[in-house]
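Please read the structure below before turning to the comments.
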Amino acid sequence: MPILRPEEHERMGMQHILFAKEEIERRKSAPVHVKAEDIDKQFREHHHVYIVDPRLGFNQRTFRFWINRLPPATEPRKKKLGHRHTVEAVIHMIKGRGYSVIDGQRYDWEAGDFLCVPVFAWHVHFPDESQEWVDVAATTGPFSMAMGIAIYEDERYPEHWVFAQKEPEAEKTLIPGGAEITAEESKAFQINMERWRSKTDKDARSPGSLYYGQVIYSQQEEVRRRQGRVLVKGKDLEFGSTAMGRLAYVVDPRLGFNVKLLSTLAAEIPPGKRSGAHRHVYEEVNYVLSGSGYSIIEDKKYEWKKGDVLVPPVFSWHQHFNTGKETARFLVHTSRVAMESTGYIHTQQGELADYE
Ligand SMILES: [Fe+2]
Ligand SMILES: [Fe+2]
């Protein structure tokens with residue numbers, strides 16, 4: 001290991017002290033508004049456009065946001081397995097219809113629907129090829145990369161697979177490396193481990209039980225991933241009144257989704273009305289699905305319309321005003337769930353929405 005001089009230890013300690021102030025500067029200097037026309041330009045040459053991503057200068061640590069637009073196909077697309085990844089993904093269908101096969105199950109979807117893909121489940125989409133298909137998605141790649149746990153296995157690049165090539169079982173498990181022992185070995189192992197598992201609440205805190213829980217965690221997690229909800233039909237969204245305005249929670253662990261980082265909701269503002277104002281210690285990306293108006297984000301005004309993207313910096317005040325003639329709808333992805341796990345969550349409500 002390197003042997004440091006006292007002043008170098010001193011300097012490292014000061015980096016901790018200075019981090020928070022510097023982070024405020026990083027938040028302030030990151031882009032806030034992406035205009036639909038700048039997104040559209042890129043679709044002339046490419047079908048998959050990254051919009052909010054730390055590699056594009058956003059101070060985004062947890063998730064990225066991108067749009068996929070595929071024209072009607074001239075020949076059938078050949079796909080079987082698709083791909084899988086150790087990142088969470090929430091996809092919202094904007095145009096088209098079709099179905100997806102996720103972890104071997106078929107889900108039929110149309111414009112307005114949402115898919116929450118279980119972590120490390122193979123998924124492949126089969127849009128109706130006679131029409132254009134547009135979807136927008138948030139995925140937690142930045143978080144997984146920072147943690148060193150991002151694995152993407154894609155049928156187009158089997159030479160880069162990390163686990164799937166090893167044996168058929170490795171292709172089926174949702175736990176990377178989870179199939180490195182056979183099902184029988186795993187069962188025998190679990191029976192052996194059972195003797196440390198206790199039956200009473202008091203024993204549940206014994207070191208034997210606690211360690212048992214740690215060892216079988218991933219097996220239980222695989223079950224949770226398979227039990228989590230996947231498809232949300234747009235027509236089933238339930239909007240309700242909140243201090244921020246009319247919201248519908250789409251993907252949330254409290255609604256039966258096995259997400260640990262991402263949450264998704266939809267927001268509505270009637271013509272001439274304004275949302276509530278708030279700020280919070282989590283990342284948020286808003287995609288304008290319909291309408292036009294402006295937002296006040298911290299001390300600046302941003303005029304937006306359908307197709308724009310707004311990225312309020314972490315802990316900046318934000319409030320939205322609908323100045324158009326139609327209902328404004330936002331698709332909102334946040335890292336609220338991730339921040340709840342850190343305990344460093346803080347949501348501060350300001351002015352209330354002026355509608356119910
Ligand atoms: Fe994916
Ligand atoms: Fe917010």
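Would it be correct to say that Glu268 is buried (at least 19 other Cβ atoms within 10 Å of the Cβ), away from ligand 1 (no atom under 16 Å from the Cβ) and farther than 18 Å from Arg64 by Cα? Spelling it out, Glu268 is indeed buried (at least 19 other Cβ atoms within 10 Å of the Cβ), away from ligand 1 (no atom under 16 Å from the Cβ) and farther than 18 Å from Arg64 by Cα. Once region 247-296 is narrowed to residues that are of a type in the set (D, E, K, R) and in a loop (DSSP other than H, G, I, E, B), the residue that is farthest from ligand 2 (Cβ to nearest atom) is Lys260. Checked against the criterion of being within 16 Å of Thr62 (Cβ to Cβ), more than 16 Å from ligand 1 (Cβ to nearest atom), in contact (Cβ under 8 Å) with a residue 40 or more places away in the chain and in contact with a Leu (Cβ under 9 Å, 6 or more places away or on another chain), region 309-328 contains not a single residue that satisfies it. Taken over region 329-353, the residue count meeting the criterion of being away from ligand 1 (no atom under 16 Å from the Cβ) and either among the aliphatic types (A, V, I, L, M) or within 27 Å of Gly112 (Cβ to Cβ) (or both) is 13.
Hey, any hits in region 127-140 for a residue that's within 16 Å of ligand 2 (Cβ to nearest atom), buried (at least 16 other Cβ atoms within 10 Å of the Cβ) and under 30 Å from Lys35 (Cβ atoms)? Yes, region 127-140 contains at least one residue that is within 16 Å of ligand 2 (Cβ to nearest atom), buried (at least 16 other Cβ atoms within 10 Å of the Cβ) and under 30 Å from Lys35 (Cβ atoms).
Per the listing Ala121, Ala146, the residue uniquely surrounded by fewer than 16 Cβ atoms within 10 Å (Cβ to Cβ), under 21 Å from Arg84 (Cα atoms) and out of contact with any Phe, Trp or Tyr (no Cβ under 9 Å at 6 or more places or on another chain) is Ala146. Within region 275-303, residues that are within 21 Å of Ile67 (Cα to Cα) reach partners that are within 16 Å of ligand 1 (Cβ to nearest atom) and of a type in the set (A, V, I, L, M) with beta carbons closer than 6 Å, at six or more positions or on different chains, in the pairs Tyr287/Val136. Filtered by the rule that a residue be under 23 Å from Val119 (Cβ atoms) and of a type in the set (Lys, Arg), region 180-233 gives Arg224, Arg225, Arg226, Arg229, Lys233.
Once region 250-268 is narrowed to residues that are over 14 Å from the mean Cα position of the chain (by Cα) and not small (Gly, Ala, Ser), the residue that is farthest from Ile345 (Cα to Cα) is Glu268. Out of Glu25, Glu7, one residue alone is part of a helix (DSSP H, G or I), within 25 Å of Lys300 (Cα to Cα) and free of Cβ contacts under 8 Å to residues at least 12 places away in the same chain. It is Glu25.
Considered as a group, the residues in region 49-72 that are at pLDDT below 95 and loosely packed, with under 14 Cβ neighbours inside 10 Å include one that is farthest from ligand 1 (Cβ to nearest atom), and that residue is Pro72. Look at Asp236 and say whether it is within 30 Å of Asp113 (Cα to Cα) and without any contact (Cβ under 8 Å) to a residue 24 or more places away in the chain. Here the answer is yes, as Asp236 does meet what is asked.
As a summary of the residue check, Val314 satisfies the conditions (1) under 29 Å from Glu222 (Cα atoms); (2) among the aliphatic types (A, V, I, L, M); (3) within 13 Å of ligand 2 (Cβ to nearest atom) except for the one numbered (1).
For region 325-356, residues that are more than 22 Å from the chain's Cα centre (by Cα) and either crowded, with 17+ Cβ neighbours inside 10 Å or aromatic (Phe, Trp, Tyr) (or both) total 3. It is to be established whether one or more residues within region 156-170 are in contact with a Ser or Thr (Cβ under 7 Å, 6 or more places away or on another chain), buried (at least 20 other Cβ atoms within 10 Å of the Cβ) and either touching a residue at least 40 places away in the same chain (Cβ under 8 Å) or aromatic (Phe, Trp, Tyr) (or both). Taking every residue of region 156-170 in turn, none turns out to be in contact with a Ser or Thr (Cβ under 7 Å, 6 or more places away or on another chain), buried (at least 20 other Cβ atoms within 10 Å of the Cβ) and either touching a residue at least 40 places away in the same chain (Cβ under 8 Å) or aromatic (Phe, Trp, Tyr) (or both). The single condition among (1) closer than 17 Å to Ala137 by Cα; (2) part of a loop (DSSP other than H, G, I, E, B) that Met1 does not satisfy is (1).
The values are calculated or read from the model by the stated rules, or taken from the named source; none is laboratory data. For clarity, every value in this text was computed on a predicted model and none was experimentally measured. Positions of Cβ are backbone-derived with ideal geometry, glycine not excepted, and every protein chain shown enters the neighbour counts.
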